[in-house]
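Working notes, structure below.
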Amino acid sequence: MHQPAPEPPADAVARLRATFRTGRTKPMSWRVAQLRGLRAMLTDHPADFVEALHADLGKSSYEAFRTEIDFTIREIDHTLDHLAAWLRPEPAPVPPHLAGATAWTQYDPLGVVLVIAPWNYPAQLLLTPMVGALAAGNAVVAKPSELAPATSAVLARLLPRHVDPDAIAVVEGGIPETTALLAERFDHIFYTGNGAVGRVVMTAAARHLTPVTLELGGKSPVFVDRDTDLEAVAARLASGKFLNAGQTCVAPDYVLTDPDTARALEPALIRAVEALYGTDPATSERYGRIVNERHFDRLTALLDSGRVVTGGDADRATKYLAPTVLADVDPGSPVMSEEIFGPILPVVTVSGLDEAIAFINDRDKPLALYAFTESDETRRRLASETSSGGLGFGLPVAHLTVSDLPFGGVGESGMGNYHGRYSIETFSHRKAVLEKPLG
Ligand code: NAD
């Protein structure tokens, strides 16, 4: 079959800018139609996404619905429910020297925005920012990840059929294509991925004075207090960690706990993994695979960083790496020197809360911090004495499913945030308006 040549980035941006200039992306009716289009794409073609996500990541249909399709539909529905209220101009009180004047803020779309997505939730992490960008009245250049090629192809095929094709361009490809895109002038760039590329994106954006949102990663710690219900802790820890075979930006990266709790947690984690994936996770339909050989090799090289409590099995041919827990892990070991982004959970011992807080604060600000504790004082101290993108007590990962919470990092884990009304803030300009009658 004849494949049309891909549209050059400059042409795509010029085409979208021309559409934006007509003003047609601004009315509420257009925005609602785009969100309904995105919704219909997901509800009419779920099998295309399920198959592609399975091909790219061995993702089970259960996870495909839960973390990609239904997740995005919830975000769309939440936005449809509230968009009119979020966009309402907000009156501002005027000072006495302007008596008789009125002032308000108005949300203006930015123009043409670029959304660059990673491979780990390749549909959700492209579409959820797009929900906000389109709801805010922008035209969107969407760049799916080349490391999830099946999902990228589905998005490239279906998006222009369900969203105004004059206001969207899907650019597939890897570093050369992204580099070419980044040479163009956008009105906002929204990048999700690692900090090294985040720096490339921000440098390119600086040339055009384009604002950026950087959704990055990092090592998200979990503090486990003594005297907590370790069966419950292990169950929640394992389900957050081993979701998508650990390839989740907000997955618990490592555990910090005292030596007694660390020992007691070991059998509980073994039972938790078995409850989730059975005695042989390689045969579990629910358990995913590592995205490619490069990441597989990177991860298996980390298995020597501690004593294997459970897991450790790996098969390069199928990119299977068992859900693995490592004990007696030295803070200076390789597994503690980079974001793991795979199904390996190291347990590092500290003397208690003070040392845990110092350990966290000695390192880059994480995307998420989690703690299991029964103590209000411990929760209060963690909340006030540490800095992280998000904070979860008693349940990892789930904060990002609350559409009314801003999702984003701080410091090394990123800048800016989105979801729900925070996406509208990100993809709009809040214009100050003053009106004073002449009379
Ligand atoms: P990736 O390799 O798919 O890269 C993301 C995008 O950057 C892709 O579209 C890719 O084409 C582009 N890219 C890669 N190299 C580039 C270069 N040199 N120049 C220009 N563009 C380039 O994804 P990844 O970075 O491997 O994703 C994993 C990372 O993303 C982890 O650190 C993870 O924590 C983070 N992450 C963060 C979030 C979040 O919401 N904060 C979500 C998921 C993943």
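The values are calculated or read from the model by the stated rules, or taken from the named source; none is laboratory data. Note that the structure is a prediction, hence the values are computed from the model and not measured. Every residue, glycine among them, receives a Cβ derived from its backbone with ideal geometry; neighbour counts consider all protein chains shown.
Results for (1) part of a loop (DSSP other than H, G, I, E, B); (2) out of contact with any Leu (no Cβ under 9 Å at 6 or more places or on another chain); (3) among the hydroxyl-bearing types (Ser, Thr, Tyr); (4) farther than 30 Å from Pro89 by Cα, shown as yes or no for each residue.
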position	(1), (2), (3), (4)
Ala133	no, no, no, no
Ser145	yes, no, yes, yes
Thr151	no, no, yes, yes
Arg157	no, yes, no, yes
Asp166	yes, no, no, no
Glu172	yes, no, no, yes
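Each row is one residue, and each column tells you yes or no for (1) exposed (fewer than 14 other Cβ atoms within 10 Å of the Cβ); (2) touching a residue at least 60 places away in the same chain (Cβ under 8 Å); (3) within 16 Å of the ligand (Cβ to nearest atom).
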{"site": "His54", "(1), (2), (3)": "no, no, no"}
{"site": "Leu83", "(1), (2), (3)": "no, yes, no"}
{"site": "Leu110", "(1), (2), (3)": "no, yes, no"}
{"site": "Val115", "(1), (2), (3)": "no, yes, yes"}
{"site": "Tyr121", "(1), (2), (3)": "no, yes, yes"}
{"site": "Gln124", "(1), (2), (3)": "no, no, yes"}
{"site": "Gly137", "(1), (2), (3)": "no, yes, no"}
{"site": "Val141", "(1), (2), (3)": "no, yes, yes"}
Of the residues in the stretch 365-393 that are surrounded by fewer than 18 Cβ atoms within 10 Å (Cβ to Cβ) and under 20 Å from the mean Cα position of the chain (by Cα), the one that is nearest to Thr248 (Cα to Cα) is Leu391
For Leu400, all conditions in the list (1) within 16 Å of the chain's Cα centre (by Cα); (2) farther than 22 Å from Ala245 by Cβ; (3) among the aliphatic types (A, V, I, L, M) hold save one; what is the number of the exception?
(2)
How many residues are more than 16 Å from the ligand (Cβ to nearest atom) and either modelled with pLDDT under 95 or surrounded by fewer than 20 Cβ atoms within 10 Å (Cβ to Cβ) (or both) when one looks only at the stretch 159-178?
6
Within the stretch 303-331, residues at negative phi, assigned to a loop (DSSP other than H, G, I, E, B) and among the basic types (Lys, Arg) come out as Arg316
Mind checking which pairs have a first residue in the stretch 388-400 that is over 24 Å from Ala358 (Cβ atoms) and away from the ligand (no atom under 14 Å from the Cβ) and a second that is outside any loop (DSSP other than H, G, I, E, B) and among the basic types (Lys, Arg), Cβ under 8 Å, 6 or more apart or different chains?
Leu395/Arg236
Considering only residues of the stretch 186-213 that are more than 12 Å from the ligand (Cβ to nearest atom) and either of a type in the set (Ser, Thr, Tyr) or surrounded by fewer than 16 Cβ atoms within 10 Å (Cβ to Cβ) (or both), which is nearest to the chain's Cα centre (by Cα)?
Thr210
Closer than 27 Å to His54 by Cβ, over 20 Å from the mean Cα position of the chain (by Cα) and not acidic (Asp, Glu): does that describe Ala153?
yes
Being touching a Phe, Trp or Tyr at 6+ places or on another chain (Cβ under 9 Å) and under 26 Å from Arg430 (Cα atoms) is the filter here, so list the residues in the stretch 35-87 that pass it.
Thr79, Trp86, Leu87
Can Gly414 be described as at pLDDT 95 or above, on the phi < 0 side of the Ramachandran plot and within 15 Å of the chain's Cα centre (by Cα)?
no
